[in-house]
Amino acid sequence: MQIVSIVLSLLLIAEWVMAPINLWTGRTMPLFERFTGHSPAVARRVFAPVKALTALLLAIGLFGRPVSVAGAVLSTAICGYYLLRLAAPGRRDPSGLAAFALFGACSAALLIVQLAR
């Protein structure tokens, strides 16, 4: 179980470290706007810091279960929010749905593994 939690954590850390960098630099801003319908200001001031915090919690969580649970909850919530926004007519982008379903599943799996330990 510990190996599974480490592997899932590392995958999610990689995603949540790069996500805020990509938003702050504008690299993924067109996708963010298409997926969520939010402005670039919301991406940079709200989503990017939350994603960075998620990466930090998951990284610290490698050394402590409670922090890992918090990171997994936040990661699951972010993915769920994106999936909810992607469900709206006109936003149903297959790549976005696939990506956030995959990372959401990894986040939920990490949460389940950590709670079961």
Restricting attention to segment 12-30, report how many residues are surrounded by fewer than 16 Cβ atoms within 10 Å (Cβ to Cβ) and aliphatic (A, V, I, L, M).
3
Being crowded, with 16+ Cβ neighbours inside 10 Å and modelled with pLDDT of 95 or more narrows A41, A48, A98 down to just A48
Give the residues of segment 66-84 that are more than 14 Å from the chain's Cα centre (by Cα) and surrounded by 14 or more Cβ atoms within 10 Å (Cβ to Cβ), sorted by residue number.
V67
From the residues in segment 55-91 that are of a type in the set (K, R) and in contact with a Gly (Cβ under 8 Å, 6 or more places away or on another chain), which one is nearest to A105 (Cα to Cα)?
R85
For segment 13-21, check the following and say yes or no: at least one residue is assigned to a helix (DSSP H, G or I) and more than 14 Å from the chain's Cα centre (by Cα).
no
For segment 102-109, state whether one or more residues are closer than 22 Å to V42 by Cα and not hydrophobic (A, V, I, L, M, F, W, C).
yes
Determine the pairs where a residue that is at negative phi and without any contact (Cβ under 8 Å) to a residue 24 or more places away in the chain, located within segment 56-82, has a partner that is part of a loop (DSSP other than H, G, I, E, B) and aliphatic (A, V, I, L, M) with Cβ atoms under 6 Å apart, the partner being 6 or more residues away or on another chain.
none
Expected output for segment 83-105 (first residue closer than 12 Å to F32 by Cα and touching a residue at least 24 places away in the same chain (Cβ under 8 Å), partner of a type in the set (G, A, S) and surrounded by 11 or more Cβ atoms within 10 Å (Cβ to Cβ), Cβ below 7 Å, 6+ apart or cross-chain) is R85/G37; L86/G96; R91/G37
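The values are calculated or read from the model by the stated rules, or taken from the named source; none is laboratory data. Because the structure is a prediction, the values reported are computed rather than measured. FYI the Cβ positions are ideal-geometry reconstructions off the backbone, even for glycines, and counts take in every protein chain you see.
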